Each structure stands twice: as C-alpha cells, then as structure tokens.
C-alpha cells in the first residue's frame, strides 16, 4: 500500500470516507485484511464525531477562509470549542494572533454548521 496524498481533515470527514470505502468493498464482495482496521476506526470516529460530514465540510472551508491552517480548522471541528478561551488554546499554534471578534466568528461558524 502506498500513501498517495496526505491532508488534515476533521473526524466527520474521515467517517464519511471510511463509510464510502467500506460500502464499495461490500458491494464488490471484497474482504481485505485492512477492513477490520477500517471497521474499528469507523466505530471510533462514530463515537467521537461531534458534527455531521456535510456541516463539517462547510465549517472546514469557512474556517480556512478566515486564515487558519487546515490542521487548526480540523481541530476546531473535532473539539468544538464552546468559549473564546477554549478556541484560543487551539489557535496557539497559529502564527497570527486573532481578535476576539474573529474568534467569535469562528465559534458562530461551528454553531451554525455543527448543530
């Protein structure tokens, strides 16, 4: 197996990708050794996912458009910070300092997209 591409994505998108791949395997009658790992991973992401895949995708794009890195946007969606202080902790890895208003906008995006 070869890694073709690496991207930072939120857990709800991992869940969607795994479900699509496992469904393809089942439809084709393919049973690979990696399937058991994929099924366990799917169970894990189902238990920790806090947002649906479509909302996560929209939130991810909106957060990136505000100038944060993909990894930070993914962490925001995975954690769903509830306060400005929680968001600031996640933003501590960014080179830019965000204003309170910008952080409030990020939190509104999460609230709107990950109800």
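Values quoted throughout were computed directly from the atomic coordinates according to the rules given, and no laboratory measurement underlies them. Just so it is clear, the structure is predicted and the values come from calculations on it, not from any experiment. In this analysis, Cβ positions are derived from the backbone assuming ideal geometry, glycine residues included, and neighbour counts consider all displayed protein chains.
A compact table of results
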{"item": "GNM top mover of 101, 46, 27 - the chain, alpha-carbon springs below 10 Å", "result": "27"}
{"item": "The chain: most fluctuating residue of 58, 88, 40 per GNM, C-alpha cutoff 10 Å", "result": "40"}
{"item": "Length-normalised contact order for the chain - Cα pairs under 8 Å, 6+ apart - percent", "result": "32"}
{"item": "Choice from 73, 59, 87 with maximal GNM fluctuation in the chain (Cα, 10 Å cutoff)", "result": "87"}
{"item": "Tail weight of P(r) past 23 Å, computed on alpha-carbon pairs of the chain, percent", "result": "36"}
{"item": "Simple label model, 7 Å out from Cα along Cβ direction - residue 58 to residue 38, nm", "result": "2.9"}
{"item": "Descending principal axes extents, the stretch 53-113, alpha-carbon based, whole Å", "result": "28, 19, 17"}
